[in-house]
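Written below as structure tokens is the structure these notes are about.
The values are calculated or read from the model by the stated rules, or taken from the named source; none is laboratory data. Values in this document were obtained by computation on a predicted structure and should not be read as measured data. Quick reminder, even Gly has a Cβ in these numbers, built from the backbone with ideal geometry, and neighbours come from all protein chains shown. Note: accessible area is taken over every heavy atom of the protein model, side chains too, but ligands, DNA and RNA are not part of it. Shrake-Rupley method; radii C 1.70, N 1.55, O 1.52, S 1.80 Å.
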Amino acid sequence: MTLDLRYTEEQEQLRDSVRAMLADHAGWARVLEVAESPEPDDADLWRLLSVETGLAALAVPEHLGGAGATLAETAVVLEELGRAAAPVPYLGTAVAAQLLLHLGESDLLRELAGGGIVALALPFDVGPAGQRLPDVEVSTAADGSPLLNGTISGVADALRATVLIVPAGGALFAVDAEAPGLRRTAVVSLDETRPLCDLAMWNAPARLLAAGDRAASALDSALVAGAVLLASEQLGLAQWCLDTTVEHLRTRYQFGRPVGSFQALKHRLADLWVELVQARAVARYAAAAVAQGDPDARLAASLAQAHNGPLAVRAAEECVQMHGGIGFTWEHPAHLYLKRAKSASVAYGTAPHHRAALAALADLAPA
Amino acid sequence: MAAPFRAGRPALILHSQCIKFAAKGTEVGASVAEPVTAESLRERVDGFLAGHDPAGDRLEFLRARFDAGLAWVHYPVGLGGLGAPRVLQPVVDQRFAAAGAPDNSPRRIGIGLGMAAPTILRHGTAAQRERFLRPLWTAEEVWCQLFSEPGAGSDLAGVATRAVRDGDGWLVDGQKVWTSMAHQARWGILLARTDPAAPKHAGLTYFLCDMHAPGVEVRPLRQATGEAEFNEVFLSGVRLGDELRLGAVGEGWAVARTTLMNERVAIGGAALPREGGMIGVLARTWRRRPELRSPALHDEVLRLWVRAEALRLTGIRLRQQLAAGEPGPEGSAMKLAFAALTQQISGTEVELLGAEGLRHDHWRADRPEELDLIGRGPTYRWLRAKGNSIEGGTSEVLRSIVAERVLGLPAEPRQDTGVAWKDLPR
Ligand SMILES: Cc1cc2nc3c(=O)[nH]c(=O)nc-3n(C[C@H](O)[C@H](O)[C@H](O)COP(=O)(O)OP(=O)(O)OC[C@H]3O[C@@H](n4cnc5c(N)ncnc54)[C@H](O)[C@@H]3O)c2cc1C
């Protein structure tokens, strides 16, 4: 194993462009405005990311209208989206893309590359670490086509999806978002920059995408990708929290000196930085492992979530605490990062789930 | 405004640049001196092995390896290297190891390899590099670090050991303490005060101290583990020639900083396979002894495993970035995380073993020949790890360095700059 854990020059350029674009279109005031609005996400920003720049389909092959890049590039975009707490269904779409790539679903990939939003219909906390899938029943219509019945609660990035991919009965189905018998209900969510929804299906017509092992391995690869990509988003979020806190402590004076000159705070931020340096290595390793089909990818995914999930929460908590009263104020961005970090720490499996998965992967059996 | 991707889709940007890079690579290769690659290094090693029997005389073999530029490939040609990227070193080491070649007992000469060598390379004269680097690398000459004193530990720039001009050389008087491996050492890197009237950082000069010179006395100093890995070193009228001064008079602090930066990398940064460090000991005990397991300890072991693996990957990434250059501030991150981690892993190991974990092998005041953080039993590991957050800069001092130099947080108000060293309160 000699995976390169550095950013390539192209990835650095990609980062610069995305960061500049988000500075213009996803400033803090805009993010709060979207979070407070009834809209589930920022449709204009999504248009920019998908239709106008093709960033939402980085990993889709060129002949299907995508950019033909890898998950390692997608992860760089997610670092920046995490940094901005941008309200767009990017992560969910990237996860769906991974699943569709695995299945070679050209039509849906083309739709996705054209700006369509495809969502994997699973509770946000389901990851590759072996959680239970919701019970959705499959029955057959008069013409022999499949119908789905059941509820799936707490799905992310699905409110504006055009197509939902539903795991049911050990198979994978595509359900058109406008299908009769499908209802989406927005959930008032902790993280309103990535709100969840509940799905209910009553005889919703569906199309079979894959069954058996093929379905299982496609789903698994999508969930591994989700855990890995989320780790990069968490890294970007944590970096924003650290940078913003440092900036505040340099300029905020109390007791006749910048509060950032007090050792009690300096040392906590130094410790946070030490964790962040490691979070970057872990995220890059996981992204490289998946992008290159390394056999260690599964372990890398669980390692990345076990480390970066709690780190992002800690970074956001320190950010709030070290900003004092202003950090607890609705008009200050810190709370959005706090909520997003906590929500993300549950997504694609919590750290304890991933540690349990590592027990098996690293041959450390339980008591 | 952001670069519009539609104009040149990301894929195109990515692909066209890959092609450009590849083309540039070949052009350079064709016109300039042949670049050192992993492949060419393997060939060099094989060529060397064809002419030198790894089973023959150890020292002769190591000297020849140095002369062939295969010692530390990132060092300059003529000084044991090939001016090659530092990342390629493992290629060479693995090839030699596979051939059963003798190594230079790196654990015995860690201070020389990790601290003295990069400092001599950066600040030494041609004659000093020529004289010292080869026997340092072949382990003919072991080095120690004569920095800390009873009155100057964290505050290293406060050292009181005096070096006074004496004709064409220097006379050194003072006391150093906690000097690891001084009992093995032929040479020491020494920080001494040459101008007590200057502010403390400005009055220092760096020397290479002959540990065999008259007036150098090394006394064992026992540590919490019972052994005496470190020492007190008394310097009484020690005469050092001016050719043993490293860097200019009064420039000792800048030279010492090179040493310290490298020390932090050396302590935290060894390249290891997964479970190659202390976590491997704990993981193997966990696997071998199911009767010791409990659910709470299980999660503890997993948490530590995650942290150890995260730190290991960080070291790999750091080494990839280091390619040829100087260690950056991330070395301090490694050192900080390493100290905390070894302390917790070894603590958990003792708890996992229960009463069995309280059996210590012996409290003899051994004089170890080499530094080994994990070689003995669990209680030894746990005790020795306590030193990790003290040696090479305490974790508190390192946090302040990170906060100020990496994060750019304001310095604390201080009273000891701009004052003559001799007038400081102590
Ligand atoms: C195993 C071991 C091996 C060693 N080997 C060597 C060697 O080979 N050569 C050598 O020269 N030295 C060596 N040392 C010495 C080591 O470098 C010093 O012990 C260390 O730098 C701390 O100095 P001190 O012991 O004087 O503690 P002090 O500086 O007195 O520190 C006491 C406490 O105060 C804290 N502190 C000090 N200043 C600050 C500050 N500004 N802000 C916050 N907290 C502060 C420290 O972190 C520590 O907790 C070794 C030490 C050990 C334990």
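See the values below:
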item	result
Any hit, the stretch B:413-425, residues being at pLDDT 95 or above, within 16 Å of the ligand (Cβ to nearest atom) and either basic (Lys, Arg) or not assigned by TED's automatic domain parsing to the domain that holds B:LEU282 (or both)	no
Yes/no for B:SER180 being open to solvent by 50 Å² or more (accessible area, probe 1.4 Å) and hydroxyl-bearing (Ser, Thr, Tyr)	no
One residue from B:ASP361, B:ASP366 being surrounded by fewer than 18 Cβ atoms within 10 Å (Cβ to Cβ) and within 15 Å of the ligand (Cβ to nearest atom)	B:ASP366
Selection status of B:LEU424, of a type outside the set (Ser, Thr, Tyr), closer than 30 Å to A:PHE255 by Cβ and either open to solvent by less than 50 Å² (accessible area, probe 1.4 Å) or within 14 Å of another protein chain (Cβ to nearest Cβ) (or both)	yes
Condition met for B:ALA182 (out of contact with any Leu (no Cβ under 7 Å at 6 or more places or on another chain), within 12 Å of the ligand (Cβ to nearest atom) and of a type in the set (A, V, I, L, M))	yes
Selection count, the stretch B:42-62, where residues are open to solvent by less than 90 Å² (accessible area, probe 1.4 Å) and in contact with a Leu (Cβ under 9 Å, 6 or more places away or on another chain)	2
Residues within the stretch A:111-131 that are of a type in the set (Gly, Ala, Ser) and in contact with a strand residue (DSSP E or B) (Cβ under 8 Å, 6 or more places away or on another chain), tallied	3
Verdict on B:GLU141 being within 25 Å of B:LEU59 (Cβ to Cβ), open to solvent by 30 Å² or more (accessible area, probe 1.4 Å), at pLDDT 95 or above and more than 8 Å from the ligand (Cβ to nearest atom)	no
Selected residue (only one of B:GLU291, B:GLU349, B:GLU300 is more than 19 Å from B:ASN388 (Cβ to Cβ), among the acidic types (Asp, Glu) and in contact (Cβ under 8 Å) with a residue 24 or more places away in the chain)	B:GLU300
Exclusive hit being within 11 Å of chain B (Cβ to nearest Cβ) and open to solvent by 10 Å² or more (accessible area, probe 1.4 Å), set A:SER17, A:SER37	A:SER17
Which numbered condition B:GLY151 fails, given (1) surrounded by fewer than 20 Cβ atoms within 10 Å (Cβ to Cβ); (2) within 16 Å of the ligand (Cβ to nearest atom); (3) not assigned by TED's automatic domain parsing to the domain that holds B:LYS200	(3)
Single match in A:ALA97, A:ALA129, A:ALA121, A:ALA142 (criterion: small (Gly, Ala, Ser), outside the structural domain of A:SER343 (by TED's automatic domain parsing), crowded, with 19+ Cβ neighbours inside 10 Å and over 27 Å from A:LEU64 (Cβ atoms))	A:ALA129
Test: residue in the stretch A:103-112 that is open to solvent by 10 Å² or more (accessible area, probe 1.4 Å), touching a residue at least 12 places away in the same chain (Cβ under 8 Å) and under 19 Å from the mean Cα position of the chain (by Cα)	no
Condition check for B:ALA202: away from the ligand (no atom under 16 Å from the Cβ), open to solvent by 40 Å² or more (accessible area, probe 1.4 Å), within 21 Å of the chain's Cα centre (by Cα) and within 25 Å of B:GLY124 (Cα to Cα)	no
Qualifying residue in the stretch B:113-129 (condition: closer than 20 Å to B:LEU70 by Cβ and β-branched (Val, Ile, Thr))	yes
Residue in the stretch B:270-281 that is of a type in the set (Gly, Ala, Ser), buried (at least 16 other Cβ atoms within 10 Å of the Cβ) and at pLDDT below 95 present	yes
Residues being open to solvent by 40 Å² or more (accessible area, probe 1.4 Å), more than 13 Å from A:PRO40 (Cβ to Cβ) and assigned to a strand (DSSP E or B) - total across the stretch A:156-197	2
Residue check for B:VAL238: open to solvent by 20 Å² or more (accessible area, probe 1.4 Å) and either within 15 Å of the ligand (Cβ to nearest atom) or touching a Pro at 6+ places or on another chain (Cβ under 8 Å) (or both)	no
The stretch B:268-303, residues that are more than 22 Å from A:GLN278 (Cβ to Cβ) and part of a helix (DSSP H, G or I)	B:ARG284, B:THR285, B:TRP286, B:ARG287, B:ARG288, B:PRO290, B:GLU291, B:LEU292, B:PRO295, B:ALA296, B:LEU297, B:HIS298
Any hit, the stretch A:246-253, residues being among the aliphatic types (A, V, I, L, M) and out of contact with any strand residue (DSSP E or B) (no Cβ under 8 Å at 6 or more places or on another chain)	yes
Positions within the stretch A:224-241 being crowded, with 24+ Cβ neighbours inside 10 Å and hydrophobic (A, V, I, L, M, F, W, C), in sequence order	A:VAL224, A:ALA225, A:ALA227, A:VAL228, A:LEU229, A:LEU230, A:ALA231, A:LEU235, A:LEU237, A:ALA238, A:CYS241
Listing of helices (runs of 4 or more DSSP H) fully contained in the stretch B:1-88 that carry 2 or more residues being at pLDDT 95 or above and under 27 Å from B:ARG131 (Cβ atoms)	B:38-51, B:58-67
Count of residues meeting criterion [among the small types (Gly, Ala, Ser), facing another protein chain (nearest Cβ under 10 Å) and more than 6 Å from the ligand (Cβ to nearest atom)] in the stretch B:377-405	2
Of all residues in the stretch B:286-314 being within 27 Å of the chain's Cα centre (by Cα) and more than 8 Å from every other protein chain (Cβ to nearest Cβ), the one that is most open to solvent (accessible area, probe 1.4 Å)	B:ARG312
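Residues are listed down the side, and each one gets a yes or a no for (1) open to solvent by 60 Å² or more (accessible area, probe 1.4 Å); (2) away from the ligand (no atom under 16 Å from the Cβ); (3) within 14 Å of chain A (Cβ to nearest Cβ):
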{"residue": "B:HIS74", "(1), (2), (3)": "no, yes, no"}
{"residue": "B:ASP93", "(1), (2), (3)": "yes, yes, no"}
{"residue": "B:PHE96", "(1), (2), (3)": "no, yes, no"}
{"residue": "B:ARG107", "(1), (2), (3)": "yes, no, no"}
{"residue": "B:MET115", "(1), (2), (3)": "no, no, no"}
{"residue": "B:THR125", "(1), (2), (3)": "yes, yes, no"}
{"residue": "B:PRO135", "(1), (2), (3)": "no, yes, no"}
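For every residue, the table says whether it meets (1) in a helix (DSSP H, G or I); (2) touching a residue at least 40 places away in the same chain (Cβ under 8 Å); (3) more than 9 Å from chain B (Cβ to nearest Cβ).
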residue	(1), (2), (3)
A:GLY236	yes, yes, yes
A:LEU265	yes, yes, no
A:ALA270	yes, no, no
A:SER302	yes, yes, no
A:LEU311	yes, yes, yes
